[in-house]
Structures are given as structure tokens and as C-alpha cells.
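Heads up: the structure comes next, in C-alpha cells.
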Amino acid sequence: MSKALVLGGQTGLLGQSLVHILTENAWEVTTLGRQDGNLLDMDFLHEQITQKAPDVIFNTIAWTQVDDAEEHEDEALLWNRGLPQAIASIIKGTETLLVHYSTDFVFPGDTTRAYKEDDPTRPLSVYGSSKLAGEQALLGTIPDQCCILRTAWLFGPWRKNFITTILNLCSQRETINVVHDQTGCPTYTPDLARWSMLIAEKKATGIFHAANGGHASWCEFASEAASLAGKSCRVEPITSADWPQKATRPTYSVLDTSKLAACIGETPRPWPQALREYIFTYLPPSQE
Ligand SMILES: NC(=O)c1ccc[n+]([C@@H]2O[C@H](COP(=O)([O-])OP(=O)(O)OC[C@H]3O[C@@H](n4cnc5c(N)ncnc54)[C@H](OP(=O)(O)O)[C@@H]3O)[C@@H](O)[C@H]2O)c1
């Protein structure tokens, strides 16, 4: 039986799916999060990791508030570079593998082809830069002990996410406006959790792009969710200029997942299939 330590496993959007999938597959799973102590305290982190002695650490903890990061650069760097760097220095030279998560926001999104793992990065935001710094810290410290999964646009059970926000708004309004000039890969956390497990079982290292198949604008993603959930609300397309945000997002950050598919022996299913599973399995039926 393999032992996993899931950072963010008690409360995180991805972390909870990881705990679920790993447990279902007979892994011995422990978690670590902010409720257990200060993870940025090196002595505490060292003691926790040494005590739990995992075969694989899945680190889902990050400063994920993309707009807030613009005004909290130091904190974003502490969580997005400092934490992975600390984990790396603790496990360096041991048998432990670290599976870590990064983002499509490391790319500028100024192209219309899908990004491969070795395409040049150029983040447009503090969040993207801090996540890229985390990748570089890992590759510089434990290149043979880390697997970095760049993912995107997460949705799934047990925590508020884009889809729950959209469906709540749809219940309250006749029309909602959603950005239609940013394109990315909606990704279902239970799927990402399963690919993570498979890749850990292969002991793969390096960078992999991990997202569901196909791509969408936020407006298309929201429209599909509203339609599947039986909402009568109209979903209107708007531009990013009509919806100013503190952080600049890539216009087209679609990820090419062929390296992941070759490694785990399966192609990620299209996002609309995953969205259907999420809405019909985890969300209450619409009363409209
Ligand atoms: N969400 C996306 O759309 C997306 C897209 C691309 C990449 N990613 C990456 O995928 C990974 C998982 O994302 P996620 O959406 O599952 O993350 P999340 O649910 O927002 O947060 C993951 C965990 O991080 C913890 N955390 C956040 N800020 C913290 C802080 N300041 N101190 C201590 N703990 C903190 C959270 O604890 P609390 O519950 O206590 O806040 C939670 O357990 C991250 O590396 C993220 O950068 C996410």
C-alpha cells in the first residue's frame, strides 16, 4: 500500500478529490493544512513530513486568489514559491515523490495554438509569476523527485467554484454577463485527482499539462452549466474590457495534454462530459 500526504486535503477544491480518489484506490492517506499548524514554519513542516513518511506528497496548497495576489505579492510568493521550496529541501535525497500543481497562467496566452510543456513562459500576473517561481524552485532543487502538473479552470465537488457561483447567480437573475474573450480548458477535479494518482504510480517526473479535453470561453462554460442545470437565465457574452479585474489573464491558454495522455495511457475526456457528471452527481436538481 502506498502512503500519500495531501496538503490541502481537508478543505481544498482539488485536495478533497485527491483524498477521495486515493482512499478509494487503497492508498493510506493523511492530510495537512492550515488547521494543523503553520506550514511556513520549517521545523513544523519538517516534523510533519518526517513523521508521516509518505511515498508521495500531493501539494495542492497555494495562494489561489488571482486578483488579490496583485496586492499581496509577498504572501503569494511565500505560498506559491516558498512552500514548494521548503517541501523540496525537506524531501531532497529521500524516496519521496512530490506531485505539485501549477497553472496555465504561466503563459501569456497571445497565441491560438495549445501550449506544450516546453513552450516559453511569460506570466501576465503576480499569481502566474509566483506559480512559475514555484516550478523553478522545484526543478532547481529536486528535478528527479518532482512532478509538476499545470492545470486550469478547476471545477468540482465540495468547495465553491466558478460553476457554483454561476448557478447561484442564475437562480437570482434573469440575465448574467460572462467574459467571452478568454479561452481555456475547464478541468474537473476528480479527473485531475485520478490522473495525479496514475502519474504518481508511474513515478513520472517533470512538467505535464493536465486538463480536460476541448476548450471554452468562460461564457461558453457558464452557458453549458446553466443549460445542464435547467436554468432559464440568459447568459450574455461580454469582453474582458467590460469586466475589469486587477490581474491580467491570458486570452488563449489552452493546454496540450498529449504528454500526460502518453504517460497515463488515456486521453482526458472532454470537459462537457465531466461537467455533466459534476452537475448530475453533485449538485441539487433545479427547481425552475
Ligand atoms: N482553481 C483553479 O482554477 C486552478 C487553476 C490552475 C491551477 N490551480 C492550482 O491547483 C492547485 C489547487 O487549487 P485549488 O483550487 O484546489 O485550491 P484552493 O481550493 O483554493 O486551495 C487549496 C488549499 O490551499 C489552502 N490555502 C490557500 N491559501 C492559504 C493560506 N494563505 N494559508 C494556508 N493555506 C492556504 C486552502 O486552505 P483553506 O481552505 O483553509 O483556505 C486549501 O486547503 C493550486 O496549486 C492552484 O494554484 C488552480
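Bear in mind that the values in this text are calculations on the coordinates, not laboratory data. For clarity, every value in this text was computed on a predicted model and none was experimentally measured. A quick note on method: Cβ atoms are made from the backbone with ideal geometry, for glycine too, and the neighbour counts reach across all protein chains shown.
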Extension gain from residue 258 to residue 24, taking 0.36 nm per residue of separation minus the Cα-Cα distance: 81.6 nm
Interchain or long-range residues, amide H under 5 Å from residue 103's placed H: 151
Residue-by-residue Karplus 3J(HN,Hα) for the stretch 152-168, coefficients 6.51, -1.76, 1.60, Hz, glycine and proline x: 7, 6, 6, 9, x, x, 6, 7, 3, 8, 3, 5, 5, 4, 4, 5, 5
Angle in degrees between helix 218-228 and the longest Cα principal axis of the chain, rounded to the nearest 10: 70
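Return the tail of the calculated pair distribution for the chain, meaning the percent of Cα-Cα pairs more than 34 Å apart. All intermediate terms of the calculation are to be shown ahead of the outcome.
On the way: 7260 of 41328 pairs.
Above the 34 Å cut-off, the chain has 18 percent of its Cα pairs.
With the radius of gyration and the Kirkwood radius both derived from the Cα set of the stretch 1-160, what is their ratio Rg to Rh?
0.96
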Orphan Cys of the chain, criterion: no other Cys C-beta under 4.7 Å: 146, 147, 185, 219, 263
From phi via Karplus (6.51, -1.76, 1.60), per-residue ³J(HN,Hα) for the stretch 198-214 in Hz, x at Gly/Pro: 4, 5, 5, 5, 7, 6, 6, 10, x, 9, 9, 8, 10, 8, 5, x, x
Base-10 log of normalised Debye intensity for the stretch 113-235 (one unit scatterer per alpha-carbon) at q = 0.13, 0.16, 0.18 Å⁻¹: -0.65, -0.91, -1.06
Using a Förster distance of 41 Å, the FRET efficiency for residue 73-residue 52 (Cβ separation, nearest 0.05): 0.85
Helix-derived mean residue ellipticity, 222 nm - over the chain, DSSP H n ≥ 4, -39500 (n - 2.57), to 500: -11500 deg cm²/dmol
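Kirkwood hydrodynamic radius (Cα pairs, Å) of the stretch 182-288?
Result for the stretch 182-288 stands at 15.6 Å.
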Cut-off under 5 Å, modelled amide H: who pairs with residue 177 long-range: 236
Gained length - residue 276 relative to residue 236, 0.36 nm times residue gap less alpha-carbon distance: 12.3 nm
Förster-model FRET efficiency, 25 Å R0, residue 243 and residue 283, C-beta, rounded to 0.05: 0.50
Set of lysines with alpha-carbon distance to residue 160 below 19 Å, sequence-local pairs under 8 removed: 231
Calculated Rg and Dmax of the stretch 164-229 using C-alpha coordinates, Å: 15.6, 49
In degrees, nearest ten, helix 42-52 long axis to first principal axis of the chain (Cα): 80
Burial ordering of 68, 36, 118, 191, fewest other beta-carbon atoms within 10 Å first: 118, 36, 68, 191
Centroid-to-centroid separation of the stretch 88-145 and the stretch 1-38 [C-alpha atoms, Å]: 21
